[in-house]
1. Evaluate the distance, in nm, between pseudo-label points positioned 7 Å from the Cα of PHE43 and of TRP15 along their respective Cα→Cβ axes.
2. Going by accessible area, probe 1.4 Å, with all protein chains left in place, what is the ranking of TRP19, TRP25, TRP62, largest first?
3. Given a 1.4 Å probe, how much area per residue of the range 46-102 is accessible, in Å²?
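The values are calculated or read from the model by the stated rules, or taken from the named source; none is laboratory data. Just so you know, these numbers come straight off a predicted model, no measurement behind them. Cβ placement follows ideal geometry from the backbone for every residue including glycine, while neighbour counts extend to all protein chains displayed. The area values use the complete protein model at the heavy-atom level, side chains included, leaving out ligands, DNA and RNA. Shrake-Rupley method; radii C 1.70, N 1.55, O 1.52, S 1.80 Å.
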Amino acid sequence: MFTNAGNGQDPFAIWGVPWSDDANWAAHDPYSLAPKLRGTGLFFSAGTTGRPGPGDPDVAPWDIGLLSEIAVGANNRDFQKRLNELNIPYTAHIYGDGRTTGRRGCVRRARCGRR
């Protein structure tokens, strides 16, 4: 959320302010809405360490994009666990160092987990 703040964008523009706009956040929470995702093609990806990876050669170690991967990675692991509990298929790319690079990063590293 705060990655956009560094670019001069309003981090609350999409879902509102956490805690004061809880209803809007809950209405868009994939973890809570997971049962409704059955039949939807799902792909999610995130790093987990907050350290630069092979695709981040010129990034400062305190880059907000890297640091946010720690939280995003933890959330994605929780989401992955929830989908497993519900037996909902997905494709996940949860990796260590680096930040989310989309499908290209998944193919390049060949470490996608498919369930």
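1. Placing both labels 7 Å beyond Cα along the Cβ direction yields 2.2 nm.
2. TRP19, TRP62, TRP25
3. 50
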